[in-house]
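Some notes on the structure that comes next.
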There are 2 protein chains.
Amino acid sequence: MSAESLADAVKRIAGEVEQAIDALLPIPEGPESRLFEAMRYATLGGGKRMRGFLVIQTAGLFGVDRNCAARVAASVEMLHAYSLVHDDLPAMDDDDLRRGKPSAHKQFDEATAILAGDALQTRAFEVLAEPATHSNPEARAELVVALAHAAGARGMCGGQMIDMLAEGQQLTADEVGRLQAMKTGRLIQYSVEAGAILGRAPLHQRHLLAAYGRDVGAAFQIADDLLDVEGSAAELGKTAGKDAEQGKATMVAVLGVERARAQAEHLATQAAAHLDSFGEGADHLRRLAAFMVTRRN
Amino acid sequence: MSAESLADAVKRIAGEVEQAIDALLPIPEGPESRLFEAMRYATLGGGKRMRGFLVIQTAGLFGVDRNCAARVAASVEMLHAYSLVHDDLPAMDDDDLRRGKPSAHKQFDEATAILAGDALQTRAFEVLAEPATHSNPEARAELVVALAHAAGARGMCGGQMIDMLAEGQQLTADEVGRLQAMKTGRLIQYSVEAGAILGRAPLHQRHLLAAYGRDVGAAFQIADDLLDVEGSAAELGKTAGKDAEQGKATMVAVLGVERARAQAEHLATQAAAHLDSFGEGADHLRRLAAFMVTRRN
C-alpha cells in the first residue's frame, strides 16, 4: 500500500484541481467580468473534488500527463458546479446554502446564476475539446461524448427531472436506484472512465473501471442520503434534513437507515473487487470505496 | 445564379433541419420523457433555421456529406433553442411568447424549462463530438471548441450578461456592437465557420467565411431590432416593442431608425463582398446577406 493516507491524497489533489480551475477561468476586461466572478464563486473554494480525484487517480494508473488529467478533472468539477447552481435555484430545489456559503443566486441574483451555470457547462465541454487536453483528437471527442452522455437528458438532467416528478411519490428501490444512477451516479462513473479514456486504456480495463465507478457512485449517493438524515448543517455545509422535508426519493426513505447502510457497504466491497487486477496504483481508489461507508461529510 | 429562390431554399433546408432534430431527440421510456417533450417543444416546429441554413449552405461549398451537415445544423439550432428557453425565463427577459406559442416555462414549468435548456446545450455538444458527424475526430473536436467559444462566457452567455447589466443604461454604439456581437453575432458566425470546419476548408477561405458570418450576424441583429420597433406580434411570433419597454441596448436605440438601417445595409454589402472569390455555390449566402436588409419577420 502506498504511504500517503487517503485524506492527504484527497487534500493534495483538491489543491491541484482548484489551481486548474483557477487557470481555466481567468476574469476578462469588460462588464462580462461579473459572469466570470459568478462562475468562479460557484466553482472555486470548496468541496473534496471527488470527481476530479477520480479522474486524476484513474489517469494515474496509465501514466497520463498530470496537466492533461488536471484539465479533465477541472472540467468535470465545472460541470458538477453548474448542476449545483441550477439545482439550488428557487424554481428547482430552492436551497440558499451551498458548501457553507450563500448559493450563487443568493450571492449574485437568479439571472446571473442561470447564466453562470450555463457558461460553466459550456466551458466544461470546451476544455475537453481543446488540444491541450490530449494530443489525440479521438480521445478529446470521446471525452466530450462521454461527459454529455453522463450529464444530459439520459443522465444527470433526466435524473433531476425524475427526482422532481417523484417528490411526494412512493418509488420502489429499483426506481430510486435508477433515478440516483442518472442524477449523480453517471457523472461519478464518467469521472473514472475519463481517466481511462485519457490513458487510452484497453477495453477490458475500461469496463472494469466503469463498473468500479458505477458502484462507487451508487455507494456515494446512499452515503449522502444517510448524511442528510444523520448529519448537521455544520458538518454538511448545506441545509440538513431537506430530503425528508421535500419528500425526496432516497434509498434511506425506501429501505430505512439500516438496510440502506448495508446496501452501501455491499456496493463499496463490490466496487473494490473490480480493481483486483490493478496494482498498488489503485490503492487510493480502493480506499475511496471503503471511505464511502464511513464518510461523515 | 442558381434557379431556386432564397425563400424556397430556406424552406427546404428548414425541413431538413427539422427532420434532423427530430431524429436526434427520440423520446425514451420512463418519467424522463417529460424532459424530452420539453426539449422537443422548444426546438421543433418553428423558425427559419437561419443558423442551420448557414451551416448547410457553407458545408455545401465544400461538398460535405448532407447528413453530416444536417447534424451540425441541428446541433446549432438546439444550442440556439436552449438560449431562448433560458432567456425567456421570469428571472431573465420574462417573455411568455416565443414563435407564436407559449414559452417553454409557460407550457411546462420553470424547473422543466431550466432543465430542458440545460439538456439541449449538452445534446448540442454531444452531437458534434459523435463519430457520425465527421470521419475525422480533429474536425469534431474543432467544432466543439468553436461552438463553445461562440456560446460561452466570452460569447453568447457573456453577451446576455452585459445585456442585462445594460438595461436602462446609456451605451455607445461601439458598446452595443460588442454586446450584440457576443450575444447573437458569434453563434451566427460559428454557423458559417462550422460549414468550413466540416469541409476542411483552407485557412484563407475560413477567414473569408468567418468575416461573412460576422457581418451577416451584425446585420441580422440590427434588422431584428428594427423589426422590434416596426413589427407586430403577429409578424414576429413574439411580443413586439419589448426592447424599448425594457430599456434594452440596441443599435436602433443608439443610432435611430434611419442610421441603424444604413448600418445594416453597409454590413450586408460588406458581407457579400467577402464571398467574391466563391462561385455560384455561394449565391444563397449572398442572397441571405441582401435579405437581412429587407426582412419583415
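Over the stretch A:44-96, the alpha carbon radius of gyration divided by the compact-protein estimate 2.2 N^0.38 Å works out to 1.39. Dividing the convex hull volume of the alpha carbon atoms of the protein assembly as shown by its residue count gives 136 Å³ per residue.
Annotation for B:Glu167, label-to-label distances across the other copies: 2.5 nm (shortest first, one decimal, point 7 Å from Cα along Cα→Cβ).
Pairs with C-alpha atoms separated by more than 29 Å, drawn from the list A:Lys101/B:Lys183; A:Lys48/B:Lys183; A:Lys106/B:Lys106, are A:Lys101/B:Lys183; A:Lys48/B:Lys183. When all C-alpha to C-alpha distances in the stretch A:44-151 are sorted into bins of 5 Å, what percent of pairs does each bin hold, rounded to whole numbers? Distribution as computed: 2, 12, 21, 22, 16, 12, 8, 5, 1 percent.
Expressed as a fraction of 2.2 N^0.38 Å, the rule-of-thumb size for a compact globular protein of N residues, what is the C-alpha radius of gyration of the stretch A:1-69? Before the final figure, lay out the partial values.
On the way: Rg = 14.5 Å, N = 69, 2.2 N^0.38 = 11.0 Å.
The value comes to 1.32.
Here is how far apart the B:Glu230 label points are across copies: 7.0 nm, shortest first, using a point 7 Å from Cα toward Cβ. Among the GluC sites (Glu not before Pro) within the stretch B:1-99, those in coil by DSSP and having at most 16 neighbouring Cβ atoms inside 10 Å are B:Glu4, B:Glu29.
Test of understanding: ordering A:Phe62, A:Phe125, A:Phe291 by Cβ neighbours within 10 Å, fewest first, what list do you get?
Numbers: A:Phe62 17, A:Phe125 30, A:Phe291 21.
Ordered by Cβ neighbours within 10 Å, fewest first: A:Phe62, A:Phe291, A:Phe125.
Once both labels are positioned 7 Å from their Cα atoms along Cα-to-Cβ, the gap between A:Gln170 and B:Val229 label points is 6.3 nm.
Among B:Thr172, A:Thr269, A:Thr250, sorting on how many other beta-carbon atoms sit within 10 Å of each Cβ, with the fewest leading, yields B:Thr172, A:Thr269, A:Thr250. Computed on chain B, the Cα convex hull volume stands at 118 Å³ per residue. Taking 7 Å steps out from each Cα toward its Cβ at B:Ala3 and A:Glu258 produces label points 8.3 nm apart. In nanometers and ordered shortest first, the copy-to-copy spacing of the A:Ala23 label point, defined 7 Å from Cα toward Cβ, is 4.2. Estimated from helical segments only, the mean residue ellipticity of the protein assembly as shown at 222 nm is -21500 deg cm²/dmol, where each DSSP H run of four or more residues counts as -39500 (n - 2.57). Cβ crowding within 10 Å, taken as a proxy for footprinting-reagent exposure, orders A:Ser103, B:Ser75 from fewest neighbours to most as A:Ser103, B:Ser75.
Taking N as the number of residues in the stretch A:115-256, what is its Cα Rg relative to 2.2 N^0.38 Å?
Ratio of Rg to 2.2 N^0.38 Å for the stretch A:115-256: 1.17.
For chain B, the relative contact order comes to 19 percent (Cα pairs under 8 Å, sequence separation of at least 6).
Using 1/(1 + (r/R0)^6) with R0 = 25 angstrom and r between the beta carbons of B:His207 and A:Arg66, what's the FRET efficiency to the nearest 0.05?
Values: r = 36 Å, r/R0 = 1.43.
Taking R0 as 25 Å, the efficiency between B:His207 and A:Arg66 is 0.10.
Read the figures in this text as sums done on the coordinates, not as results from a lab. What you see is a predicted model; the values in this text were computed from it and never measured. No Cβ is skipped: glycine too gets one built from the backbone with ideal geometry, and neighbour counts run over all protein chains shown.
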